[in-house]
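I have placed the structure first, in the form of structure tokens, so that the comments after it can refer back to it.
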Amino acid sequence: MTTESTKAPDTLANLQRAIEEHYESLSKRLRQVAHYVVDHPNNIAFGTVQVIASDAKVHPSTLVRFANAFGYSGFT
């Protein structure tokens, strides 16, 4: 997947492309988040971690793991 030296996607389109490219290597829970991100981009942009996690039916820490997997330092 990504490494610390890999730049995080800077647009939604780039993130969606990265999700497509790495989907098969994601765990079941990260795939669940990936689907939610692709299907609900406005919720990701404006929702809180707690609300997004609840809507995506994952633990909030899964959102952080997802963000880290794509080169982001966290999920804010």
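Sub-7 Å Cβ pairs linking a first residue in region 37-59 that is under 22 Å from Arg17 (Cβ atoms) to a second residue that is among the hydrophobic types (A, V, I, L, M, F, W, C) and surrounded by fewer than 15 Cβ atoms within 10 Å (Cβ to Cβ), at least 6 apart or interchain, are Pro41/Leu12, ordered by first then second residue. Within region 26-63, the set of residues being under 8 Å from the mean Cα position of the chain (by Cα) and among the β-branched types (Val, Ile, Thr) comprises Val33, Val37.
FYI, it's all coordinate maths here, none of it is from the lab. All of these numbers come straight from a predicted model, not from anything done at the bench. Note that each Cβ is placed from the backbone with ideal geometry, even for glycine, and that neighbours are counted across all protein chains shown.
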